[in-house]
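Comments concern the structure below.
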Amino acid sequence: MNLKPVLSNRVFGGCMLIGFTLIMTYISFNPINRVDAFFQTYVEQLNIYHLKQVMILITQLANPVVVIMLVLLIACVMWLKGHKLDAGWVILTLFVSDAAAYVIKHVVGRVRPVGQMIFDTGFSFPSIHTISAVIVVLIIISLVKHHKKSVWIVGLIWIVIVALSRIYLKNHFPTDTLGAIFLGFTIWSFMSYFHQKMIKKNFSKTFLNNILPK
């Protein structure tokens, strides 16, 4: 399982950071706004048989605890195959993204929507379910060697349906999930750049290889 992080581009990361900052600024001054109201109304009008049960299943599969367990499993396999540096990096990347989202939640302090179908606690912006989905999808894309285009398509669809599930179940506003997507790509991009340009070239053959168990 050789990891080759995708999107290790500072320009892309900078664009994602600008997008996230604009969204955060907008909802900080307009916690209740027309953009969210418009998309919430559209999503709530979806009338598909058993849609609520499907959305509940999706949000449960995308639970941050489930994602942590999946990433730890991936990291264990990578470690056993000798890719110890990469194993530590994927865990660190998920930790940084979740920690950043948690801190931002408390800084922004946005209250969740009323009428949640599944009760959730804490603040609303950004969605940790969605940012976790972004990170795990990008980890998987970075690991696969074949059919990357298909994996990209499936991965992006998964991110979108996770975001929709959080909106449909009224656990988040649409801008909570959109902000989480921008934040996820921002953190991933800069962490990937760090992985390729610094850790691989400067530390992997010296300091880390000396302290990690053989």
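One decimal place: the segment ASN63-VAL107 gains 13.6 nm when fully extended, by the rule 0.36 nm per residue minus the C-alpha distance. Each label point was placed 7 Å from the Cα along the Cα-to-Cβ direction; for LEU22 and PHE95 their separation is 3.4 nm. Here the gap between LYS197 and VAL54, fully extended at 0.36 nm per residue and compared with their Cα-Cα distance, gives a gain of 47.3 nm.
Calculated FRET efficiency, ILE153 to GLU44, Cβ-Cβ distance, R0 = 22 Å: about 0.25 to the nearest 0.05. When a 1.4 Å probe is rolled over the protein heavy atoms, the share of accessible surface on the chain that falls to carbon and sulfur comes to 71 percent.
Computed from phi, the 3J(HN,Hα) profile of the stretch 152-158 under the Karplus parametrisation 6.51, -1.76, 1.60 (θ = phi - 60°) reads 4, 4, 4, x, 5, 4, 4 Hz, with x in place of Gly and Pro. Looking at the stretch 93-165, the pairs of alpha carbons with a distance over 17 Å make up 53% of the total. For the chain, the solvent-accessible area works out to 55 Å² per residue, with a probe of 1.4 Å and every protein chain left in place. When the charge dipole of the chain is built from unit charges on Cβ atoms (+1 for Lys and Arg, -1 for Asp and Glu) and taken about the Cα centre, the candidate among ILE128, HIS146, TRP188 whose Cα reaches farthest toward its positive end is HIS146. From the largest down, the chain spans 55, 37, 30 angstrom on the principal axes of its Cα atoms. The simple spin-label model puts a point 7 Å past each Cα toward its Cβ; for ARG10 and LEU72 those points are separated by 3.5 nm. Rounded to the nearest Hz, the phi-derived 3J(HN,Hα) couplings of the stretch 125-133 under the Karplus curve 6.51 cos²θ - 1.76 cosθ + 1.60 (θ = phi - 60°) are 9, x, 7, 6, 4, 6, 5, 5, 4, where x marks glycine and proline.
Once backbone amide H atoms are built at 1.01 Å from N, VAL6 has SER142 as its partners under 5 Å, excluding neighbours fewer than 5 places away on the same chain.
Residue ranking by accessible heavy-atom surface, 1.4 Å probe, largest first, among PHE182, PHE29 comes out as PHE29, PHE182.
The values are calculated or read from the model by the stated rules, or taken from the named source; none is laboratory data. Please read these numbers as outputs of a predicted model, since none were measured by experiment. Please note: Cβ atoms are built from the backbone with ideal geometry, for glycine as well, and neighbour counts cover all protein chains shown. Side chains included, ligands, DNA and RNA excluded: accessible areas come from the protein's heavy atoms. Shrake-Rupley method; radii C 1.70, N 1.55, O 1.52, S 1.80 Å.
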